[in-house]
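The values are calculated or read from the model by the stated rules, or taken from the named source; none is laboratory data. As the structure is a computational prediction, the values presented were derived from the model and not from experiment. In this analysis, Cβ positions are derived from the backbone assuming ideal geometry, glycine residues included, and neighbour counts consider all displayed protein chains.
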Amino acid sequence: MWEYTDKVQQHFLQPQNVGEIENPSGTGDVGSLSCGDALKLTLKIENDVITDAKFKTFGCASAIASSSILTEMVRGLRVDEAAKITNEDIAAALGGLPKEKMHCSVMGREALEAAIADYRGVPLPAAEGELICECFGVTDVEIKRAITESHLRSVEDITNFTKAGGGCGKCLGHLQEILNETLNEVSPIPVVPVVKKRMTTLQKIKKIEEILESEVRPGLKKDGGDIELVDVDGDTVIVSLSAASGRSGATIELVELKLRERVLNTLLVEEEEK
């Protein structure tokens, strides 16, 4: 069973702004009933300011909560301000979503983009590109964007954020290729070939500690920061960053790339929840 925050439960049990605006300024219609999730977002815009927003959705608790909180987030914003909202912003406003449900926040962001594009009379960039996942209608443009913006590091991440690969599974190999290509484009460190021989848990923990101590900590300490290994759960490495080190995704990403290069290419690095 998923663990939902109080905010998610609140917006699921008492969703806000349900319905459809008559003669809307912009409409965003994404997803499909055949895929299990669908969302229609309608906006009323006056003098380039969103004065009202309503939604209709078919989906799980996360889809309903994401849609509900989104309508509250955009009300009163100028269109160019609303256009900057990301799926991460939507999830954060709900106090977080299970990683397996992040695609619901992505659907909200896509609906908002579609409604704004409709208002402006311009096409959606995500509508272009090669269709990769036939089950859920996901293109390579959408997949590459999700990898880059949300720092995805595995095919499982891609499925959680876009649903691509969550159906018949025929596109999984293609998803891995896109992931490798995209990571090579955004990082100077090449994707490491799949490791055939797995280390024992103790060997892995010892190696991680060595790399953090000799190659990561010195650089952070120069800027007054520090890093501590909290736990290793399978291939997930949980670390604690001092306040001076910041909580930026860039720092975590660099640590992850270093550990993948020097220890194991399947490692994922997360910051300890405070």
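Annotations for the structure displayed:
- Test result for Arg109, of a type in the set (Lys, Arg) and closer than 27 Å to Ile64 by Cβ: yes
- Conditions (1) touching a Gly at 6+ places or on another chain (Cβ under 9 Å); (2) in a strand (DSSP E or B); (3) at pLDDT 90 or above: number failed by Asp29: (1)
- Val106 falls short on exactly one of the conditions (1) touching a Ser or Thr at 6+ places or on another chain (Cβ under 9 Å); (2) in contact (Cβ under 8 Å) with a residue 60 or more places away in the chain, and that condition is (2).
- Elements of type helices (runs of 4 or more DSSP H) contained in region 58-115, each with 3 or more residues being surrounded by fewer than 21 Cβ atoms within 10 Å (Cβ to Cβ) and at pLDDT below 95: 87-93
- Each residue in region 72-100 was checked for being farther than 25 Å from Asp48 by Cβ and touching a strand residue (DSSP E or B) at 6+ places or on another chain (Cβ under 9 Å), and 0 of them qualify.
- Some residue of region 245-254 being exposed (fewer than 15 other Cβ atoms within 10 Å of the Cβ), modelled with pLDDT under 80 and part of a helix (DSSP H, G or I): yes
- Residue in region 2-21 that is within 16 Å of Asn160 (Cα to Cα), charged (D, E, K, R) and out of contact with any helix residue (DSSP H, G or I) (no Cβ under 8 Å at 6 or more places or on another chain) present: yes
- When region 165-212 is filtered for residues that are part of a helix (DSSP H, G or I), at pLDDT 80 or above and in contact with a strand residue (DSSP E or B) (Cβ under 9 Å, 6 or more places away or on another chain), the ones remaining, listed by number, are His174, Leu175, Ile178, Lys204, Ile205, Ile208, Glu209, Leu212.
- Qualifying residue in region 118-125 (condition: among the small types (Gly, Ala, Ser) and under 17 Å from Lys40 (Cβ atoms)): no
- On inspection, Ala114 qualifies as in contact (Cβ under 8 Å) with a residue 40 or more places away in the chain, touching a strand residue (DSSP E or B) at 6+ places or on another chain (Cβ under 9 Å) and either within 25 Å of Thr159 (Cα to Cα) or outside the structural domain of Glu149 (by TED's automatic domain parsing) (or both).
- So Asp29, is it in the same structural domain as His103 (by TED's automatic domain parsing), touching a residue at least 60 places away in the same chain (Cβ under 8 Å), surrounded by fewer than 21 Cβ atoms within 10 Å (Cβ to Cβ) and not aliphatic (A, V, I, L, M): yes
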